[in-house]
Amino acid sequence: MWLTTEQTITTPIVTTTIINNITQTTATSGGDVISDGGAIVTARGVCWSISSNPTTANNHTTDGSGIGTFVSNLNGLTGGIFIMSVLMRLTVLEHPTETK
């Protein structure tokens, strides 16, 4: 028989890097996943758009996985103001425990 153990997931802790190296069409940003909150971070990066609340349906980068710092190179920017958000995909896996 397989039982799954209950796992507590807390809010992950993520900081962002100030946008720098700004040109007409590119910029650099990124962040630091300090804590995964008990989940598995399967992707890190940033999303951006000229409208509010950008998601991965908008322009985005994917810059590694797991805990740690990441650098995001934003390409294909156009003139104007854009809004950026941090992307972090979490996967919660259940760890089975065998009992007899």
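Of the residues that make up the stretch 27-37, is at least one touching a His at 6+ places or on another chain (Cβ under 8 Å), of a type in the set (S, T, Y) and either crowded, with 16+ Cβ neighbours inside 10 Å or modelled with pLDDT under 90 (or both)? No, the conditions are met nowhere in the stretch 27-37.
Mind checking whether some residue in the stretch 55-68 is at negative phi, among the aliphatic types (A, V, I, L, M) and free of Cβ contacts under 8 Å to residues at least 40 places away in the same chain? Looking for residues that are at negative phi, among the aliphatic types (A, V, I, L, M) and free of Cβ contacts under 8 Å to residues at least 40 places away in the same chain, one finds at least one in the stretch 55-68, hence yes. A39 falls short on exactly one of the conditions (1) in contact (Cβ under 8 Å) with a residue 40 or more places away in the chain; (2) more than 17 Å from the chain's Cα centre (by Cα), and that condition is (2). Do you know which residues across the stretch 43-61 are within 12 Å of the chain's Cα centre (by Cα) and either basic (K, R) or surrounded by fewer than 15 Cβ atoms within 10 Å (Cβ to Cβ) (or both)? Scanning the stretch 43-61 gives R44, T55, T56.
The values are calculated or read from the model by the stated rules, or taken from the named source; none is laboratory data. Because the structure is predicted, anything quoted here is derived from the model rather than measured. Positions of Cβ are generated from backbone atoms using ideal geometry, with glycine treated the same way; all protein chains shown enter the neighbour counts.
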